[in-house]
Structure formats: C-alpha cells, structure tokens
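The values are calculated or read from the model by the stated rules, or taken from the named source; none is laboratory data. It should be emphasised that the depicted structure is a prediction, and the values quoted were computed from it without experimental measurement. With ideal geometry, Cβ positions are generated from the backbone for all residues, glycine too; neighbour counts draw on all protein chains shown. Accessible surface is based on the protein model in full, side chains and every heavy atom, while ligands, DNA and RNA are left aside. Shrake-Rupley method; radii C 1.70, N 1.55, O 1.52, S 1.80 Å.
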Amino acid sequence: MASPTQPRHPAWWKESVIYQIYPRSFKDSNGDGIGDLRGILEKLDYLQDLGIDLIWLCPIYRSPNDDNGYDIADYEAIMEEFGTMDDFDALLAEAKRRNIGILMDLVVNHSSDEHRWFQEARRSKDNPYRDFYIWRTSHDGTVPNNWESLFGGSAWELTPETGEYYLHQFSIKQPDLNWEHEPLRQEVYRMMRFWLDKGIAGFRMDVIPLISKKVGLPNRPDDFHEGWLRWYANGPRLHEFLQEMHREVLQHYDICTVGEAPGVTSQEARLYVEEDRKELDMIFQFDHFNIDRQPGSMYDRRPWTLRAFKQIFRHWDEALAAQGWNSIYLGNHDLPRIVSRFGSDDPAYREVSAKMLATLLLTLRGTPYIYNGDEIGMTNVHFAAIDDYRDISARNMWQLRRAAGVPEADLLAALHDFSRDNARTPMQWDDSPHGGFSTAEATWIDVNPNYREINVAQAQANPDSVLNHYKKLIRLRRQHSVLVYGEYEIIDEENEQVYAYLRKDAQECLLIMLNFTPKELRFSLPESVQFTKSETLITNYQAVTLSERTVTLLPFAAVIFKLT
Ligand code: GLC
Ligand code: CA
C-alpha cells in the first residue's frame, strides 16, 4: 500500500506553492477590458500575502489570440494588449523583490499561422522555413490522413500557394512545428535562453508529449479507444528531444520545469521526470482531468467516483515515489472551476467545500498549483447563449454539433459543465462593476454575475473565508516539511465518501480527512493507524475531535490531525 521509504532529494521547487495566472482575466490596468501585465504587477502584494512562491503565467507573447495566446506569432515579443517588454521586465523585477519567481508558458508544439516562420514556410516548397512545419500532399483530393484537431474537424488545412496541406493538431491557426528539423529545435533553444537570461524561474511546457510525431503519420485506427491524445502523444523521438533540450538549455539554469502531459500514463511519466534521465522536473497528468468525461471528448459527461479519484492520486504517487516528483493540480484554464466540479457551488456548501478541496491540493505529495480565483472559491458561469462564450473550442464544438442536429439546450448544458470559459471569466476583486477587474464599459468576456457575493475584498474582510483558509494551509505547509516530503499513505481507499490519508516521516505523522459529500457522516480509523494522542492542526469547521478512533465529519468537512 504505502510507497517504499526513500530519501527524497530536496529541491526548492518541491517546496514551492505555484499560482497560475490567466493574464487576460486577472486585472485590467488601463481600462480596455482586457487583463494585462501592469494589472498583475498591481496585485503582487496580494500574491505575496497569499504566500505563493512562483507564478505560472499563461502565454503573454504576441498573438492574434485565436486560442487566447496559445497561438504565438512572436516568441520574443509581448502581446500588445498585455503591455510591453518594459512592463514584463518591471513585473519580473517586482516579483523577484517579493521572492516570487515567474514560470513562462512554452508553447512549441505549434506556433500561430501569423508567425514569420509560417508566413515564409507557406510561400513555396523550397522556402528556408518550409521544414519548420509539417506538410503533406494529397493524392486523391482528400486530406492526407484521418487525424483530427482537438478543437474539432480535420487536423489538415490546404494552402493554395503550394497545394499542400499543413498539420494542425489544434486550431487552423495553430500549425504544428516540425521537431524533426534541427534548425527549428535550435531556434526554440535560443528563444528559451532569451527568457532564462532575463531571470525567469522556468517553464510550463504546453502539450509537450505531442512534439514528436509517429513515423509516417499513420491513420488512427477506428477501433482505437484510448482517448484522443494517446494516438498522438509520446512519439519515438520525444525523450531524445527533451534530453537534448536539457543538455542545451535547462541544465545551465537553476529552474523549475513542468510539462503538460496529456496522453501519458503514470508509468510513462517516469521517463519524463526521473532525475537521472535529465528531462523535466514534473509533468501535469491528465487522469483526473478526464475523470468525468467520455474518453476522447471534452464535452460529454460520464459519472465519476471518489474511489477512482483516489486511485489516480495513489497510482501517480507510487509511480514517482522512488524517483521523480508529482505536480498537484485540481483546476486550470482548460477545466471547469474546482468547487463546481469536485465540491459544491450550492451557496450552502460553496465555502466549506472550497476549503476542503484546498486542503487536498495543499497536502498531497507533490508541488501544488493553485489556479487564480480558486483561492476565493470562484464558480462555473452559466452564460445564456453561445455568443457569450469566447473559447475557440466551445465555438467549434457548437458549430459542428448544431450542424449535426444536436439541440441548443443540450449544447448549452455541456458548456455550463465543461466550457474552458468557466475558468476564464475575470478575477472577482470586489463588488464594484465588473468585479473590480476593469473600468471598461465591457470586458472581453463577462464577469460571473456572482461577483457581488464572491470577491477578494469580501474574502479579505472575513477571517473565515476561503482565502484565509488557503493562507493558513500554505503557512502550515511551510511549518511541516512532512507535507512536502513525507510519505503518502491512503486509508480505506474503497470509501466512496471520505478521502483519508497519512503524511508521515521520521519526525511527524499527519492524518488528513476530507468529506466529499454534503452529508454528515462518521468515519472510523482502521487498527493499522496507531497513535496515542491527536491534535487538530486545521479544520474548516469550528472544531473537530477524534474520540476513540472515530470522527464525525460535517458536510464537506476537512481536518488535519497531528498524531503522536
Ligand atoms: C494546452 C493549453 C490549452 C491550449 C492547447 C493548445 O492544452 O493548456 O489552453 O488550447 O494546449 O495550445
Ligand atoms: Ca488592459
């Protein structure tokens, strides 16, 4: 059950708490309705007070924003709407002054079609940039193979200039880069050094398992049911490329790297993060990302169970127990809000369940990533019409399924559950118009109407708020290194209502109990958990005590006991 006791190599990034910022939605400093770098700078004191160590900035590079910055037109320039390079340098310096480092998003599976490389490449077959992208001829007037874009439709687009198709695994405006071509790789490494030499703290690497493609780009078999990404991920040269990147760039800096890794199993993860392989520090796994969705679909619900959820975290913890390290996240800019998805956004339970999820996030073994807004318990948004949605994925899905005759009501319901825009509505700072995010007439996407009740100002004024609970948990994590390095041992994994586990090392043993239901219940510890005394370190209710070996857990209760 428990992972073998192994010395953990200490590292600053294992002890860090990371905060993910979606710049477009964080804070608008100049009243144009779009978040920007100066806006983030204004909020650094807020982040310092929260207690985080690192910021992961979603892409801020020059981009036509087909996919909100994940389509990059110039890797060494700042998106005009977000500010200037001077603003970036100021942000970096001011963050550093507060002991906060910045991780940049590295999006190198694809660029924008407006990138200079692509503009050149599409012109002619002998253009020097042609091989920066992936081109195929069609022999029978149909697309070169059956690969699909994650955002819907074929992954191939014809260019009239040469009559050839280019590959795009995301939108038409996101042509895939050709990592087989050495000059492309050298350009990427040079660009990475440009940012690292400025003093950034590392990179989050977008869809990194996709950069190496299957030889010959074979058709995806009709009976391949492992999910959309398994067919495209982990190409034959992937680890060779990552090791080369490590040799040429990463090893020369004291930084933190995390690869977004859809389509990677916990066993395959070891190839990415075991120290002696010299590739990455961490990856983001996708098993719980997809736990409530049909395989291969972003919008079709399936029921999830707490047991399956616990198994996922145990498998990943075990896989990387001896070597490597996990990242822990519950939400991000591609997912629904965590309180709506894994807790409850019913006003009766919203705060208590948000605190319960915070307890999980900050006490599993691995580096925790907080997504902006989750620290105040922001919820999913229920926009009334497709026109209110901005995400390319939502809009494409709507078009394709409407054309196939699916009723609007069903599609709206799917968006309410799964739209990435749930996590992209503006940060709710106070109860002034647009939640204090912007002074503009209209913002790029509407603010969730619940900003009058759910906002930072309100949370700061209330000692029992979700925000203050996050602060306490972050402090607790600093005081108890067992929460960083200690063993993770699950208790009663079969239990469908309570998530309970131990974190222990030679000095301390902490017991964490989380009620994932809106019901009051009793939980009894198995005999295997031995102790004589228990002390409550933190809970989301007034008091919880362990009498004998049993505890009563109120709806969505979370408690950490120190056992001696
Ligand atoms: C990643 C990003 C997502 C983006 C996609 C294409 O999954 O997190 O937001 O749309 O890659 O870059
Ligand atoms: Ca702005």
Can you go through L47, L37, L41 and tell me which one is buried (at least 23 other Cβ atoms within 10 Å of the Cβ) and away from ligand 1 (no atom under 14 Å from the Cβ)?
L37
Out of (1) within 14 Å of ligand 1 (Cβ to nearest atom); (2) of a type outside the set (V, I, T); (3) not in a helix (DSSP H, G or I), what's the single condition that is false for D431?
(1)
Please tell me if Y166 is open to solvent by less than 30 Å² (accessible area, probe 1.4 Å) and closer than 20 Å to I72 by Cα.
yes
When you check G69 against the structure, is it surrounded by 22 or more Cβ atoms within 10 Å (Cβ to Cβ), modelled with pLDDT of 95 or more and away from ligand 1 (no atom under 16 Å from the Cβ), yes or no?
no
Quick check on region 29-58: of everything there that is in a loop (DSSP other than H, G, I, E, B), small (G, A, S) and within 11 Å of ligand 2 (Cβ to nearest atom), which residue is nearest to I445 (Cα to Cα)?
G33
Is there any pair with a first residue in region 425-447 that is surrounded by 20 or more Cβ atoms within 10 Å (Cβ to Cβ) and a second that is assigned to a helix (DSSP H, G or I) and of a type in the set (A, V, I, L, M, F, W, C) whose Cβ atoms are under 8 Å apart and which are 6 or more apart or on different chains, and what are they?
M427/V456; Q428/I376; Q428/V456; W429/V456; W429/A457; G436/V456; G436/A457
Residues that are surrounded by 18 or more Cβ atoms within 10 Å (Cβ to Cβ): find the strands (runs of 3 or more DSSP E) completely inside region 462-544 holding 2 or more of those.
487-491, 498-504, 509-515, 534-539
Could you grab the pairs with beta carbons closer than 6 Å, sequence gap of 6+ or different chains, first residue in region 118-142 and more than 11 Å from P175 (Cα to Cα), second one open to solvent by less than 60 Å² (accessible area, probe 1.4 Å) and of a type in the set (V, I, T)?
K125/T162
Matching residues, region 236-271, being touching a Pro at 6+ places or on another chain (Cβ under 8 Å) and under 19 Å from E180 (Cα atoms)
L238
Out of region 331-364, which residues are basic (K, R) and either within 16 Å of ligand 2 (Cβ to nearest atom) or open to solvent by 10 Å² or more (accessible area, probe 1.4 Å) (or both)?
R341, R350, K355
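Which residue is farthest from the chain's Cα centre (by Cα), if the candidates are limited to region 94-124 and must be among the charged types (D, E, K, R) and in a loop (DSSP other than H, G, I, E, B)? Even if it seems obvious, please write down each step before you answer.
If we filter region 94-124 for residues that are among the charged types (D, E, K, R), which is where we start, we get 94, 96-98, 105, 113-114, 116, 120, 122-123.
Checking the rest, the ones that are also in a loop (DSSP other than H, G, I, E, B) come to 98, 113-114, 122-123.
On the way: R98: 24, D113: 25, E114: 26, R122: 33, R123: 36 Å.
Ranking the candidates gives R123 first.
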Residues that are open to solvent by 40 Å² or more (accessible area, probe 1.4 Å) and under 30 Å from A558 (Cβ atoms), drawn from region 365-389
H382
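Inside region 112-136, can you point out the residues that are more than 25 Å from E76 (Cα to Cα) and out of contact with any strand residue (DSSP E or B) (no Cβ under 8 Å at 6 or more places or on another chain)? Before the answer, list the steps.
Going through region 112-136, the residues more than 25 Å from E76 (Cα to Cα) turn out to be 124-126, 135-136.
S124, D126 - these are the residues of region 112-136 that are more than 25 Å from E76 (Cα to Cα) and out of contact with any strand residue (DSSP E or B) (no Cβ under 8 Å at 6 or more places or on another chain).
Open to solvent by 30 Å² or more (accessible area, probe 1.4 Å), closer than 23 Å to G199 by Cα and part of a helix (DSSP H, G or I): does that describe L91?
No.
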Can you pull out every residue in region 72-88 that is away from ligand 2 (no atom under 16 Å from the Cβ), crowded, with 20+ Cβ neighbours inside 10 Å and small (G, A, S)?
A73
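What about I283, is it buried (at least 19 other Cβ atoms within 10 Å of the Cβ) and either free of Cβ contacts under 8 Å to residues at least 24 places away in the same chain or in contact with a helix residue (DSSP H, G or I) (Cβ under 9 Å, 6 or more places away or on another chain) (or both)?
Yes: the conditions hold for I283.
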Filter region 11-28 for residues that are among the charged types (D, E, K, R) and within 16 Å of ligand 2 (Cβ to nearest atom); the one that is nearest to R475 (Cα to Cα) is K27
Which pairs turn up if I take residues in region 380-391 that are of a type in the set (S, T, Y) and look for partners that are in a loop (DSSP other than H, G, I, E, B) and buried (at least 16 other Cβ atoms within 10 Å of the Cβ) with beta carbon separation below 7 Å, at least 6 apart in sequence or on another chain?
Y389/F383; Y389/S419
What residue, among those in region 390-410 that are closer than 18 Å to I445 by Cβ and outside any loop (DSSP other than H, G, I, E, B), is most open to solvent (accessible area, probe 1.4 Å)?
R395
Of the conditions (1) open to solvent by less than 40 Å² (accessible area, probe 1.4 Å); (2) out of contact with any helix residue (DSSP H, G or I) (no Cβ under 8 Å at 6 or more places or on another chain); (3) away from ligand 2 (no atom under 16 Å from the Cβ), the single one that E114 does not satisfy is (1)
Any idea which of (1) within 16 Å of ligand 1 (Cβ to nearest atom); (2) open to solvent by less than 60 Å² (accessible area, probe 1.4 Å); (3) not β-branched (V, I, T) is the one R185 doesn't satisfy?
(1)
Search region 125-136 for residues being under 18 Å from V108 (Cα atoms) and part of a loop (DSSP other than H, G, I, E, B), and hand back the single one that is most open to solvent (accessible area, probe 1.4 Å).
Y129
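Condition check ((1) out of contact with any strand residue (DSSP E or B) (no Cβ under 7 Å at 6 or more places or on another chain); (2) part of a loop (DSSP other than H, G, I, E, B); (3) aromatic (F, W, Y)) across all residues:
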residue: S138; (1), (2), (3): no, yes, no
residue: P144; (1), (2), (3): no, yes, no
residue: F151; (1), (2), (3): yes, yes, yes
residue: E157; (1), (2), (3): no, no, no
residue: T162; (1), (2), (3): yes, yes, no
residue: Y165; (1), (2), (3): no, no, yes
residue: Q169; (1), (2), (3): no, yes, no
residue: I172; (1), (2), (3): no, yes, no
residue: E180; (1), (2), (3): yes, yes, no
